[in-house]
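A quick write-up on the structure given underneath.
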Amino acid sequence: MLPEASSLWLLRLLRDIQLAQFYRPILEELNVTRPEHFDFVRPEDLDGIGMGRPAQRRLAEALKKHRSGLKSKNWVYKILGGFAPEQKETTPPSDSHLSLPEREGGLKCLIPDGAVRRGELLGSGCFGVVHRGLWTLPSGQSVPVAVKSLRVGPEGPVGTELGDFLREVSIMMNLEHPHVLRLHGLVLGQPLQMVMELAPLGSLHARLTAPAPTPPLPVALLCLFLRQLAGAMAYLGTRGLVHRDLATRNLLLASPRTIKVADFGLVRPLRGARGRYVMGGPRPIPYAWCAPESLREGAFSSASDVWMFGVTLWEMFSGGEEPWAGVPPYLILQRLEQDRARLPRPPLCSRALYALALRCWAPHPADRPSFSYLEGLLQEAWPPEGRCVRDVTEAGALRMQTGDPVTIIEGSPDSATWKGQNGRTFKVGSFPASAVTLADAGVSPATRPVHRVSPAQGERHQGSVDGDGGKAKMRDVPSARAQRRNVPLQRMKALLSPASPPGSGLPGPRENPPTVIPWECLELAKPPSPPETSCPTPSCRGGLRRWSWACTESRTRSARQH
Ligand code: AMP
């Protein structure tokens, strides 16, 4: 049998030290396909395949040389010529005819070292730090940018970090979408630097968790962000890419009403008829955001990105809370599959939006909506806007003044009390329906009637859903009449009907699930004590990421046989 291209390096290395007879046992019994897999191989494992200690020392020496050889390779060659095979994760051989998306005109721009001045530190990620910067164009014009520099250890960049950095460059340089962070170019200096569009307002997660007096984000704006995100993700899907790390920490605010998808370090091309990417070795993944098939088999697809979209929606409406906080990563899959648990509905999230999130969390990838379909579903679930027509001062009711804009979170034409968000105070609560008239200010481009679209049609919607140009007024969301036109009344009733809290005379959110419920409505009982796992990269430790190792080679192999 011929060796797989992805493990040719191993065969060559073993031949060089006259140990070629161990090629198959190392590959098949120890599941080693990449140099870094040897980090997990113990001397006893090598004893187990019959390799003596002197041979083991030869192997260790050769590996050291091999790795340092990788580090010292010409960076320019690597950038322009793609990656060495050992930088790629293994992919099923049958799918190998597909590769990274075709380049459209190559590198966006090679930027001279002296043309970029770095300023304040904006943040740090798994393989580099990000600074605010100023890029001086040949014309003399200065452009504010963000500069991501590859972290360099005492012996130069670390192999996998360099690979991930270059992979991110290679993917970003082919992307062009109003809600995808733009790569301007690359500085081939020491360290290597990515020059990117600046998102001056930082990450959405930081904004969601900003302490008072920063006001919470309005519900209608969160819906706008969701639509921008769905559009960007539909675009990535058309490029044959899976993001794999969709979360509010990776959505950046380019303006108060514009998000951009960022952090393409985990993006991979989808392969084969099933449009999947299967991890080729143990790498950390953000457990709490991952779909069951990703946790089980290391399998990622547009449908697993849709799952992550649902978790991102949940984060947005729960003020940036951590999903599955308190559940150890190794138990998350069990919760999802055996207990059929799902993240609970956050109080700010309408039933209609939560129903949409539950569709994203369908157990079988094929049952989840596509991103282009989600764009339509989002439009249907859009909360209606209204305006307060009298001061509301009743006990227990949401305080409002005449003229206050109100976003309706729960309410139906025939219920006396609605739940909503006061657009002036950003407070959420229940109020008498009679105190609010629904806005009916015509139909702006953002409020076009919804037509459910097939994925193929939907991918054409690549325009910006930027609220800045649209003057963030009530016209940005569908009018109540438009809503009623788009959603059959009975369905709207079912989705928006609230229940009354005891004693108040006012209806409130029905936060407790009914006694007998289908799995879709099961809410998670808060479990105890959180043993955290984090990204093994020092700068990523702790915090929200809750990375955990997943998907051993053997698991991946069995997944491939399915
Ligand atoms: P990353 O390495 O992509 O995860 O970025 C680390 C952090 O740097 C992010 O969480 C952001 O806070 C910040 N950051 C990254 N890219 C940008 C950008 N283009 N504009 C502003 N801040 C950024």
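Details
- Each residue in the range 263-304 was checked for being without any contact (Cβ under 8 Å) to a residue 12 or more places away in the chain and buried (at least 24 other Cβ atoms within 10 Å of the Cβ), and 0 of them qualify.
- As a summary of the residue check, LYS260 satisfies the conditions (1) more than 13 Å from the ligand (Cβ to nearest atom); (2) buried (at least 22 other Cβ atoms within 10 Å of the Cβ); (3) among the charged types (D, E, K, R) except for the one numbered (1).
- Selection count, the range 122-153, where residues are within 15 Å of the ligand (Cβ to nearest atom) and among the polar types (S, T, N, Q): 2
- Selection from the range 200-251 of residues that are farther than 22 Å from CYS360 by Cα, within 12 Å of the ligand (Cβ to nearest atom) and either touching a strand residue (DSSP E or B) at 6+ places or on another chain (Cβ under 7 Å) or part of a helix (DSSP H, G or I) (or both): LEU201, GLY202, SER203, ALA206, ARG207
- Filtering the range 151-208 to residues that are of a type in the set (Asp, Glu), open to solvent by 20 Å² or more (accessible area, probe 1.4 Å) and modelled with pLDDT under 85 leaves GLU155, GLU161.
- Residues within the range 109-121 that are open to solvent by 30 Å² or more (accessible area, probe 1.4 Å), within 15 Å of the ligand (Cβ to nearest atom) and of a type outside the set (Gly, Ala, Ser), tallied: 3
- Matching option when the condition is in contact with an Asp or Glu (Cβ under 9 Å, 6 or more places away or on another chain) and not in a helix (DSSP H, G or I), among GLU322, GLU315: GLU322
- The set of residues in the range 261-320 being under 17 Å from THR238 (Cβ atoms), of a type in the set (Lys, Arg) and in contact with a Gly (Cβ under 9 Å, 6 or more places away or on another chain) consists of ARG271 alone.
- Within the range 137-151, residues that are free of Cβ contacts under 8 Å to residues at least 24 places away in the same chain have Cβ atoms under 6 Å from residues that are part of a strand (DSSP E or B) in these pairs: SER142/LEU134; SER142/THR136, counting only partners at least 6 apart in sequence or on another chain.
- Evaluation of ALA341 against the conditions (1) touching a helix residue (DSSP H, G or I) at 6+ places or on another chain (Cβ under 7 Å); (2) of a type outside the set (D, E, K, R); (3) under 26 Å from ARG207 (Cα atoms) shows that the sole unmet condition is (3).
- Some residue of the range 392-399 being among the hydroxyl-bearing types (Ser, Thr, Tyr) and without any contact (Cβ under 8 Å) to a residue 40 or more places away in the chain: yes
The values are calculated or read from the model by the stated rules, or taken from the named source; none is laboratory data. The model shown is predicted, which means the values in this text are computed figures rather than measured ones. Here Cβ is always computed from backbone atoms with ideal geometry, including for glycine, and neighbour counts include all displayed protein chains. With ligands, DNA and RNA removed, areas are computed over all heavy atoms of the protein, side chains included. Shrake-Rupley method; radii C 1.70, N 1.55, O 1.52, S 1.80 Å.
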